[in-house]
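A.B. asks: Next up is a structure, given as structure tokens.
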Amino acid sequence: MNMSNTRPEIIFFEQLEKNLPPVFSREEAARQMGGLIRAKTLSNLDAMGEGPSVKIRIRKKVCYERRNFLQWLKQHVRQ
């Protein structure tokens, strides 16, 4: 792939898809994105019904499924 012709958001999403496990916590999402979005922000979005639609709770942790999370995130990236 010629990176000079690739838009930065494509590279960003390819790296996230490569690095995120199949299921991950809000904290891991924040870490993998270099702090671009905080775990608390994801929590607030979930509370308002605006977060990723596929999530599970394991004890006190909310976890997301990679494919659904990336799809949700792509809808919130400004072009």
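A.B. asks: What Kirkwood hydrodynamic radius, in Å, does the chain give when the mean of 1/r is taken over all pairs of distinct Cα atoms and then inverted?
C.D. replies: 13.2
A.B. asks: Also, quick follow-up: Just want to confirm a number: the relative contact order over the chain, from Cα pairs under 8 angstrom separated by 6+ residues, in percent.
C.D. replies: Computed value for the chain: 30 percent relative contact order.
A.B. asks: Report, ordered by chain and residue number, the lysines lying within cross-link reach of Lys55, taken as a straight Cα distance under 18 Å and ignoring same-chain residues fewer than 8 apart.
C.D. replies: Counting by Cα, and skipping residues close in sequence, Lys55 has these lysines nearby: Lys40, Lys74.
Bear in mind these aren't lab numbers, they're just calculated from the coordinates by the rules spelled out. These numbers come from a predicted model, not from an experiment.
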